[in-house]
């Protein structure tokens, strides 16, 4: 069995590099998150960067919100297993300092970084150090000059203003984000921006919420953009341990057939035809056992022998419950019948035969 092909999508952006990670063009969609430690706590920050990288983050953003944080960032950079993005608000001098100590990218917010002259100084530093920039526009901090516009138009106008300055200076190694907590606003802003610029786009629904609500909002937004070539790197902004953002990101990308990491578990919703087989419990047990696998394959947990194998014909492996026993199947074809208490072990025995890990 081979990994499912990743769908091709329109190329709508130019490509840049954040460290050694390509963003935009024909590159795969990059997944990122952000540390929530105090950056001056170097050990805690380094540990979280490693945890995020192990979970599958291609890039990690770290707050540099003052001189103590900058000193910590300097120590974190050289220990990081992945390129780091320095997150800058208000004080442009922190951007200059972060660039000097090894940031792969500088994230600035046009709404609070200060006047255009300060923005130009950050661009000059990025050009000097040959590093990338993210122009991060947020609906909660739009520049005052655009306050009389509808929110999505203000986001686009603010971003394009800064893009124009960068390109006038001959700087093209940047990506742009237009974030809002309101899904339709975020989607419309990114669509409108793409009509005017080929800069790579970082997508996210800002302040999306807790794990369930935030994941649903983000999936709703991404599903309207990513399949159409709009979006080159993503973050799932959850009120949660940031490591929890990474599997959600991959689940969304996998569901759109854009990028895969780890197995895909499908399960029927359960009904009386299961004859008492605990589909819900088995699905949770299987998903938990597979969460550390990096290979991509599909496992189905189905409730009945009558319909299960046929309905999950595309699954690489599957189980279908019965009154006293169940069937282990592959690609819709039964492999063997086992007792109900042996279903889980038999399933993973078959998975193990093919060397998935």
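The values are calculated or read from the model by the stated rules, or taken from the named source; none is laboratory data. Model, not experiment: these values are computed from the prediction. Every residue, glycine among them, receives a Cβ derived from its backbone with ideal geometry; neighbour counts consider all protein chains shown.
Points worth noting:
- Selected residue (criterion: surrounded by the fewest Cβ atoms within 10 Å (Cβ to Cβ)) from residues of the range 120-145 that are within 29 Å of residue 183 (Cα to Cα), in contact with a helix residue (DSSP H, G or I) (Cβ under 8 Å, 6 or more places away or on another chain) and modelled with pLDDT of 95 or more: 132
- Scope the range 16-40; condition over 18 Å from residue 222 (Cβ atoms) and either buried (at least 16 other Cβ atoms within 10 Å of the Cβ) or not assigned by TED's automatic domain parsing to the domain that holds residue 87 (or both); matching residues: 16, 17, 18, 19, 21, 22, 35, 37, 39, 40
- Taken over the range 182-198, the criterion of being under 20 Å from the mean Cα position of the chain (by Cα) and surrounded by 23 or more Cβ atoms within 10 Å (Cβ to Cβ) is satisfied by 186, 189, 190.
- Residue within the range 68-82 that is part of a strand (DSSP E or B) and at pLDDT 95 or above present: no
- Tally of residues being under 16 Å from the mean Cα position of the chain (by Cα), touching a residue at least 12 places away in the same chain (Cβ under 8 Å) and not in a helix (DSSP H, G or I) across the range 7-56: 14
- Of the criteria (1) within 24 Å of residue 97 (Cα to Cα); (2) part of a helix (DSSP H, G or I); (3) touching a helix residue (DSSP H, G or I) at 6+ places or on another chain (Cβ under 8 Å), which one residue 113 fails: (2)
- Taking the listed residues 179, 217, the one that is surrounded by fewer than 23 Cβ atoms within 10 Å (Cβ to Cβ) and either free of Cβ contacts under 8 Å to residues at least 24 places away in the same chain or touching a strand residue (DSSP E or B) at 6+ places or on another chain (Cβ under 7 Å) (or both) is 217, with no other qualifying.
- If only residues of the range 281-297 that are without any contact (Cβ under 8 Å) to a residue 40 or more places away in the chain and closer than 20 Å to residue 353 by Cα are counted, the one that is surrounded by the fewest Cβ atoms within 10 Å (Cβ to Cβ) is 292.
- Some residue of the range 103-110 being out of contact with any strand residue (DSSP E or B) (no Cβ under 6 Å at 6 or more places or on another chain) and surrounded by fewer than 19 Cβ atoms within 10 Å (Cβ to Cβ): no
- When residue 330 is tested against the conditions (1) within 22 Å of residue 260 (Cβ to Cβ); (2) in contact (Cβ under 8 Å) with a residue 24 or more places away in the chain; (3) surrounded by 16 or more Cβ atoms within 10 Å (Cβ to Cβ), the lone failure is (2).
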